[in-house]
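The structure under discussion appears below in the form of structure tokens.
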Amino acid sequence: MDDVLQAIYDSILEGRVTEVAAEVQRALAAGHPAGVILNQAMIAAMAEVGRRFETMEYFVPEMLVAARAMKEGLALLRPALVGAQIEPVGKVVLGTVSGDLHDIGKNLVGMVLEGAGFEVVDLGVNVPPEAFVAAVREHRPQVVGLSALLTTTMLAMKATIEALRAAGLRDQVVVMVGGAPVTPAFADRIGADLYAPEAASAAARARSRFADQGGAE
Amino acid sequence: MNVAERTRLAFTRVGLPDRVPIHAWLGMTFIQRTVLPRPARMTDLFHQWIDDPLGTLVKWQADLGLDPMITTHSQHIGELERWPRLLCDFKEDAYAHWREEIVEIDRSESSRTLEHRIHTPAGEGAYSYRMEGYSDWPLDYLIKDEADLDLLHYRPDPDLLVVDRLKAMVEKVGDRAWWLHHAPGPWNEAAELRGVTTLSMDLYDRPEFVHKLMRLVTDRLKKLYRKLGETGIHSVSMNETWVGMGLSPHIYQEFIKPYDDECVAAIHEAGYLVSYHNCGRGTRFLEDMVATGADALETITPVENSGDFDLADVKRRVGDRICLFGGFNERLLDEAAPAKVRDEVKRCLDAAGEGGGYILRTSGAIYQADPRNIEVMCQTARDYGRYPRPAQGAGGSA
């Protein structure tokens, strides 16, 4: 890997925000195509962060600082990506379901998905089913991500899926659910398509499912 | 053997109780739906609990077959303001340099958003949260930058806490229930003051700041723990929930454990027992949590319930050094068949019951459950959890 791309890759892995910004600018100034910077340095780094998380070399704080560095670099790169007509690998509408105001898991998933090349529309917390429906109509995502931290609020995931079905939108999106109380069995029971036990696997599973449907990769 | 004697033996591991103690934390939604004769306002409920704990909290749990456990709370920033303040509030003097102005900044049919504006000699600060149903949700945090740490010097002094009502409630209950008072541990309090996401990134961005914050909250918590020693409570649940968010052993050892050690020592000096509360993940630094000197470890949340603990593994690794307080997957109480509930009880007792030092407890609070399943859980534990225990696999009378 080229030195500057390697520097971007290393800076993201170590969560060094200032260095990522400087190196992305240096790479652009040196004439590296935005798509190469994104794929070979940034997405590759976040994939490595995910791998290290799964093997317990990295933990939540390390993921948070890496994802923040990725986000900083991506903000600088975005104009060049738009200029080069490089599209995101997919679009995700994400939110914490109605009645639940916890956001750490949802934010982490959002950052990791962005790091994996998705465009993320973050609806925030305490999002009622009808707001998810409206966002799907407006943004036309491929994936809808639902987060909950409480056993009492995760029931709103079912209500959200039912609202998407009632609006005739259910078949147009992959519904991914996650959060501390959510289990694979619960995900099956409420009719979700994907269950993500934690942030790192959310990105990998979304990409994999999306690829199965002829999207990314 | 009464409830307190039974649970004390499990906590201290100095001998075997007659059987494994059985505790659970009944959530407000469960209480409102199941055991209350009619809906009640929360403030009225809290007054009933304080005035008549034996006829309310203790009775409801005993009727289900549980060993009753009273879970009171200390006041902490941004959460659960009402119940703790009814039990213990500060003398007026405590607010001489910490004036709080509470402003309602939003209201809907189901929620209120409040901002606390703090005035101190070191300057102004603010935090806000939303109150909805039985929960309060932090929206932003008091410590927004390093300069805000100075505000913390002016927080009400725990020495000026009036604990008479809590003490009277404890005396009324005596040994008919186990008292587990909840108070934050230093990492949790730091997270409540700073926000856990920001605090997590501070570990990398400004580690010295994290140590300063932890020092300030630890010094104050130690005073709180000493004050609570005047009430006669049996134990405190030192709430380090955010330790379970998924931290590395290195982070735990450097930024959290030294402060936890001090708090556990302060609780022991005050003459009561401490249960270390981590309701998330932590199997990678299990031995470190035990090395804080805590008497019990809760809630030993299994993988199926988003923790990462295997009760049998925990027993093998640290069961000779600490009481294990949890491990039961309470989700089964909602919809599972009674046979599955019995199997779960037996799994827990087989994993951790041998030799004592184990309390069967639901890992999380019970918000939704079929009361008949709680009765099955309790009866199975009463039969299968007797000491001396039957040989494993021999079944039980449940």
**Prompt:** Once Lys and Arg get +1 and Asp and Glu get -1 on their Cβ, which of A:LEU81, A:MET46, A:VAL24 lies farthest toward the positive end of the dipole of the stretch A:3-83?
**Reply:** A:LEU81
**Prompt:** Taking a ≥ b ≥ c as the square roots of the eigenvalues of the Cα gyration tensor of the stretch B:174-278, is the shape rounded (a/c under 1.5), prolate (a/b larger than b/c) or oblate?
**Reply:** prolate
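Hey, could you grab the Kirkwood Rh for the protein assembly as shown? Inverse mean 1/r over distinct alpha carbon pairs, Å, one decimal. Walk me through the intermediate numbers first.
On the way: mean 1/r = 0.0388 Å⁻¹.
Kirkwood radius, the protein assembly as shown: 25.8 Å.
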**Prompt:** Considering the Cα trace of chain B, what is its radius of gyration and what is Dmax, both in angstroms?
**Reply:** 20.9, 68
**Fraction of the pair-distance distribution of the stretch A:3-83 above 22 Å, Cα-Cα pairs, percent** = 18
**Request:** Report, as a whole number in µm² per second, the diffusion coefficient that Stokes-Einstein gives for chain A at 37 °C and 0.692 mPa s using the Kirkwood radius over alpha carbon pairs.
**Result:** 188
**Request:** For B:ALA312 paired with A:ASP2, estimate the spin-label separation in nm (one decimal), with each label point 7 Å from Cα along the Cα-to-Cβ line.
**Result:** 5.5
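If you roll a 1.4 angstrom probe over the protein chains with everything in place, what fraction of the accessible area of the protein assembly as shown belongs to carbon and sulfur, to the nearest %?
Taking all protein chains in place, the protein assembly as shown shows 49 percent carbon and sulfur surface.
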**Fill in**
Partner shielding of B:300-310, taken as the mean number of other chain Cβ atoms within 10 Å, equals 2
**Message:** Under 5 Å between amide hydrogens, which residues at least 5 positions from B:PHE309 or on another chain qualify, with H placed 1.01 Å from N in the peptide plane?
**Reply:** B:THR301, B:VAL303
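Treating only the Cβ of Lys, Arg, Asp and Glu as charged (+1, +1, -1, -1), what charge dipole size does the protein assembly as shown show about its Cα centre? Round to the nearest 20 debye.
Values: 66 positive and 89 negative charges, 314 e Å.
So the magnitude is around 1500 debye.
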**Item:** Proximal lysines to B:LYS223, defined as alpha-carbon separation beneath 28 angstrom and excluding residues fewer than eight positions away on the same chain
**Value:** B:LYS91, B:LYS144, B:LYS167, B:LYS172, B:LYS212, B:LYS257
**Item:** For A:58-70, mean number of other protein chain Cβ atoms within 10 Å
**Value:** 5
**Message:** Need one number: buried accessible surface between chains A and B, 1.4 Å probe, both sides summed, DNA, RNA and ligands left out, in Å² to 100.
**Reply:** 2200
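For chain A, what does the relative contact order come out to in percent, with C-alpha contacts under 8 Å and a separation of six or more? Kindly include the intermediate steps, with their values, before the conclusion.
On the way: 371 pairs, mean separation 37.9, N = 217.
Result for chain A is 17 percent.
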**Item:** Amide H partners (placed H, <5 Å) of B:GLY326, local residues excluded
**Value:** B:ILE359, B:ARG361
**Prompt:** To the nearest 0.05, what FRET efficiency results for B:GLU124 and B:GLU287 with a Förster distance of 41 Å applied to their C-beta separation?
**Reply:** 0.40
**Message:** With a cut-off of 8 Å between alpha carbons and a minimum separation of six or more residues, what is the relative contact order of the stretch A:1-62 in percent?
**Reply:** 38
**Prompt:** For the stretch A:3-83, with every protein chain kept in place, what is the accessible area per residue (1.4 Å probe, Å²)?
**Reply:** 42
**Prompt:** Which loop-located trypsin sites (Lys or Arg not before Pro) does the stretch B:1-77 contain, where loop means any DSSP state but H, G, I, E or B and the Cβ has at most 12 other Cβ atoms within 10 Å?
**Reply:** B:ARG41
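Give me the inter-chain shielding for B:200-208: mean count of other chain Cβ atoms within 10 Å, whole number please.
4
Could you tell me which of rounded, prolate or oblate describes the stretch A:90-212, using a ≥ b ≥ c as the square roots of the eigenvalues of the alpha-carbon gyration tensor, with rounded for a/c under 1.5 and, failing that, prolate when a/b is larger than b/c and oblate otherwise? Before the final figure, lay out the partial values.
Details: a/c = 1.26, a/b = 1.06, b/c = 1.18.
Rounded.
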**Asked** If you average the sequence gap of Cα pairs under 8 Å that are 6 or more apart and divide by the length of chain B, what percent do you get for the contact order?
**Response** 19
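Roughly what % antiparallel, to the nearest 5, for the DSSP beta bridges in chain B? Each step should come with its number before you reach the end.
Working: 27 of 53 bridges.
Counting only bridges with both partners in chain B, antiparallel ones make up about 50 percent.
The values are calculated or read from the model by the stated rules, or taken from the named source; none is laboratory data. Remember, predicted model here, so these are calculated numbers, not experimental data. Neighbour counts are summed over all protein chains in view; Cβ atoms, including those assigned to glycine, are modelled from backbone coordinates with ideal geometry. Surface accessibility is based on the protein's heavy atoms, side chains included, excluding ligands, DNA and RNA. Shrake-Rupley method; radii C 1.70, N 1.55, O 1.52, S 1.80 Å.
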